[in-house]
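What follows is a single structure, written as structure tokens, with notes after it.
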Amino acid sequence: MSVHKSFERTHFLSYCQSLYEADSTYDYEQSNRLDRHRHVEPDAAQFLANIATIRQPEKVLEIGTSTGFSTLWLAYGLRHQAECDFISLDIDESRSEAARQHLQNTGLSDSVRLIVQDAFIFLNSNEDVFDLIFLDAERQFYLDYIQGLHNTLDIGSVLIVDNVISHRDEVCAFLAEFTNDSRYICHTLDVGAGLFIAVRQEH
């Protein structure tokens, strides 16, 4: 992983604030939920950056790029690592392209591999293990991802899921697959719209 020489922290913070405000206004104007960009809240995004900095993962997977707000913050948290393979998935090519532009504008374009692909297909064809996975996609498909996620997580791997307080009813069955699994220790944090963290303890 490398950080482009044009990266500047002050510019990054200002850019992210402007992006969040612009996309929040855009989302407010959309009557169809699927048309909204639906970014993580800023405090949740900053939490992701902190986890990335602390964990120092070698392989990171984000499921649900949207236009890249959380992608920017994850890349920011990983920026000092010499070696890290960070993949961000989204099924929408136009949103992935918007994320690519935001990464370029902040000097982080070399930090992320943006892949346009269905997450179920990716998880079920993937043979890699990821140290950190952030899941923020269409919640009705989460149960389909369970086995693929188990296969990508090893001891010490961290799974973080967004919107677990704001949309508790939609994700409770999915979360139970981890909280009831003795291989994981899980916590729910009142950060942003609610973050669920599962840390794998056993094979």
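The values are calculated or read from the model by the stated rules, or taken from the named source; none is laboratory data. Just so you know, these numbers come straight off a predicted model, no measurement behind them. Note that each Cβ is placed from the backbone with ideal geometry, even for glycine, and that neighbours are counted across all protein chains shown. Heavy atoms of the whole protein, side chains included, go into the accessibility calculation; ligands, DNA and RNA do not. Shrake-Rupley method; radii C 1.70, N 1.55, O 1.52, S 1.80 Å.
Couple of notes before you dig in:
- Cα principal axis extents for the chain, largest first, Å: 44, 43, 31
- Solvent exposure, largest accessible area first (probe 1.4 Å, DNA, RNA and ligands not counted), of 47, 120, 196: 120, 47, 196
- Whole-percent carbon and sulfur share, accessible surface of the chain, 1.4 Å: 47 percent
- Three-way shape label, the range 62-154, alpha-carbon gyration tensor, a/c 1.5: oblate
- Rounded to the nearest 20, the Cβ-based charge dipole of the chain about its Cα centre (Lys and Arg +1, Asp and Glu -1) stands at 440 debye.
- Summary of the geometry: the range 95-144 and the range 62-91, compared by the centres of their Cα atoms, lie 7 Å apart.
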